[in-house]
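Accompanying notes for the structure given below.
The values are calculated or read from the model by the stated rules, or taken from the named source; none is laboratory data. Here the structure is a predicted model, which is why all the values come from computation and not from measurement. When we count neighbours, we look across all protein chains shown, and the Cβ atoms used for this are built from the backbone with ideal geometry, even at glycine. What goes into the accessible areas is simple: the full protein's heavy atoms, side chains included, and nothing from ligands, DNA or RNA. Shrake-Rupley method; radii C 1.70, N 1.55, O 1.52, S 1.80 Å.
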Amino acid sequence: MVTKFCSGHAPHFPIKKVLLLLWKVILFSLGGLHDHQILKDKTRELLGLPTLIEDSVQITKNLRAVSPPASAVDMLDLQGRKGNRPPPLKRDGIDESLPSEDGERKEDELKDEVHNMSDDEDENGLPPLPDTPREPRSLPWTPKVRQRDVEMFLDHTRNKFVGFQVESDSTTLAGLPNPIHEGYNVLEKHLYVSLAELQVRREEEINKHPLSKGDEDIPNTAAEILYQAMLSSLPQYMIALLKILLAAAPTSKAKTDSINILADVLPEEMPMTVLQSMKLGVDVNRHKEIIVKAISGLLLLLLKHFKLNHVYQFEFMSQHLVFANCIPLVLKFFNQNILAYIGAKNSIPAIDFPSCVIGDQAELTADSLEAGDNIPYCWRNLFSCINLLRILNKLTKWKHSRTMMLVVFKSAPILKRALKVKQAMMQLYVLKLLKVQTKYLGRQWRKSNMRTMSAIYQKVRHRLNDDWAYGNDMDARPWDFQAEECALRTCVDRFNSRRYDTDSGKDPDLQPVDNNIQSVLGQEMDLSEEFKRFYEIWLDREVFTSQINWDLLLKDKIYV
């Protein structure tokens, strides 16, 4: 239905309801984020990997939002206020003398009185305020290390101290000094093996030994069934969803060739009064917000469940999202006054559920429409922004070519403006996106944004041996970006062809061959009528009448 709507074959579809239904069906069939976490723990336990102790949602709840970095206008205002402040009064030498013993004694008595006050009252005679939870003086996340980082560390140290490398050996420490042993032990302590690494390793073994390890038991999970059903048309689905997301974005301008997503909200007759016009404006904005919420939630669920089922299913979907310009689309969505978007009140409390069915129905007036509710933020828009940031993180994680797209599209100032929203989870994913591109932004940017760099250090998980703040990554060579993306696409296509291409079947070069001459000659062959008609003529011309030099054929070596 979504593809038909975008292609113009069914423009009358109520696309908001269709997307909400699609999102709820995926949510019910695959499970939400909590179900995904439980399934992930079970899968890791089944494969012999340690379960995850940290719950990202719970840790994010305990994080405190950082203050947004000051803009140039705020800094100028602050300097102006400092300039208008009266200068401090200068004290004479007499006033700066040390306090007398009497003064010290009085001060000590005052401290004792304050200390001996009852616990139920403070200095003003008021009950004390409840203790506010303080953020622990430690990093919120346990550092992680990939197996690739350990191997790179050993290769570098062996090259430096021993002078040669040992292939496929990540345990031998012979000839290395004791500090290297300690560093290796720290890396091994924080080593994290993901499900994706095991799945990629398994695919490499199958491609290397197709006969002995080619047979694979495909689990019949809900995500697997959905992927098999979506595989042939998944690129069209991604393009259709992003088209609707573009039309619903607040920053998009109305164009003649864009799709009409307001078919089920616009009335047949134009509003005649001011009240009807205001109500229609609220309905249109609310309609777009719900569409963005449904698409962002749907894409995030699909990405997470496909990645859990098999990493190449996730890569196939993410590649088509990147090809459909998902990264610049999300950046365009955030290139607005994000504080105003999250604080928008595009709802009418009087006719919202359950007020519309409980109690007396209040009469709608222009004042009641303008007043809105008392909530200082719109949970719907905040939910959409967090989902889009998480999608962007999933598309760019460990992908240098896509990280460079963030740099090319100048995402740093856009993401810095999003830090003005003082919500911990949203700031966490913004800081993650800034962290992956800091090494490409240059020393001057890092020097001018030290508050942002400090926030990244405090809030985002650390990867040992990751020099994100210095820009010395040897993997970040620009000429390898295209090759890296092409190699990933080759692996994904090989995976889909081996696992789901039923037309070609298995590789014919790897099929068993019949070496028995009697059975081969005894097989019935269907010969065409043309072959039967001209067979004798061909036999007479090519065999009987042609002169064959048998001596030349029987020679060991023939020189031409």
Q: Report yes if Lys307 is surrounded by fewer than 19 Cβ atoms within 10 Å (Cβ to Cβ) and charged (D, E, K, R), otherwise no.
A: no
**Q.** When residues of region 447-473 are limited to those that are among the charged types (D, E, K, R) and either open to solvent by 30 Å² or more (accessible area, probe 1.4 Å) or closer than 23 Å to Gln147 by Cα (or both), the one modelled with the lowest pLDDT
**A.** Asp473
Q.
Restricting to region 34-52, name every residue that is open to solvent by less than 90 Å² (accessible area, probe 1.4 Å) and among the hydrophobic types (A, V, I, L, M, F, W, C).
A. Ile38, Leu39, Leu49, Leu52
(Q) Out of Ala247, Ala294, Ala229, I need the residue that is open to solvent by 10 Å² or more (accessible area, probe 1.4 Å), small (Gly, Ala, Ser), under 23 Å from Gly32 (Cα atoms) and not in a loop (DSSP other than H, G, I, E, B). Which one? (A) Ala229
**Q.** Test: Leu395 is open to solvent by 20 Å² or more (accessible area, probe 1.4 Å), touching a residue at least 60 places away in the same chain (Cβ under 8 Å) and assigned to a helix (DSSP H, G or I)
**A.** no
Q. If you scan region 398-451, which residues turn out to be in contact (Cβ under 8 Å) with a residue 12 or more places away in the chain and among the charged types (D, E, K, R)?
A. Lys399, Arg402, Lys416, Arg417, Lys420, Lys422, Lys432, Lys435, Lys439, Arg443, Arg446, Arg451
Q: Could you check how many residues of region 407-429 are open to solvent by less than 20 Å² (accessible area, probe 1.4 Å), assigned to a helix (DSSP H, G or I), of a type outside the set (Gly, Ala, Ser) and more than 19 Å from Ala249 (Cα to Cα)?
A: 2
Q: Look at region 140-168 and say how many of its residues are part of a loop (DSSP other than H, G, I, E, B) and within 27 Å of the chain's Cα centre (by Cα).
A: 5
Q: Answer yes or no: is there a residue in region 341-359 that is touching a residue at least 60 places away in the same chain (Cβ under 8 Å) and open to solvent by 70 Å² or more (accessible area, probe 1.4 Å).
A: no
Q: Would you tally the residues in region 250-291 being acidic (Asp, Glu) and open to solvent by 80 Å² or more (accessible area, probe 1.4 Å)?
A: 3
Q) Within region 169-200, can you find the residues that are open to solvent by 60 Å² or more (accessible area, probe 1.4 Å) and either within 31 Å of the chain's Cα centre (by Cα) or farther than 25 Å from Gly48 by Cα (or both)? A) Ala174, Gly175, Asn178, Pro179, Glu182, Asn185, Val186, Glu188, Lys189
Q. Under the condition of being farther than 24 Å from Leu234 by Cβ and open to solvent by 70 Å² or more (accessible area, probe 1.4 Å), which residue from region 206-224 is modelled with the highest pLDDT?
A. Lys208
Q. Here is a list of conditions, (1) assigned to a helix (DSSP H, G or I); (2) within 18 Å of Val284 (Cα to Cα), and Ala344 meets all of them except one; can you say which number that is?
A. (1)
Q: Could you list all residues from region 53-67 that are open to solvent by 40 Å² or more (accessible area, probe 1.4 Å) and out of contact with any Phe, Trp or Tyr (no Cβ under 9 Å at 6 or more places or on another chain)?
A: Ile53, Asp55, Val57, Gln58, Lys61, Asn62, Arg64, Ser67
(Q) With in a helix (DSSP H, G or I), within 16 Å of Val421 (Cα to Cα) and open to solvent by 20 Å² or more (accessible area, probe 1.4 Å) as the only criterion, which of Phe383, Phe333 stands out? (A) Phe383
Q: Determine whether His320 is more than 30 Å from Lys40 (Cα to Cα), open to solvent by less than 50 Å² (accessible area, probe 1.4 Å) and in a helix (DSSP H, G or I).
A: no
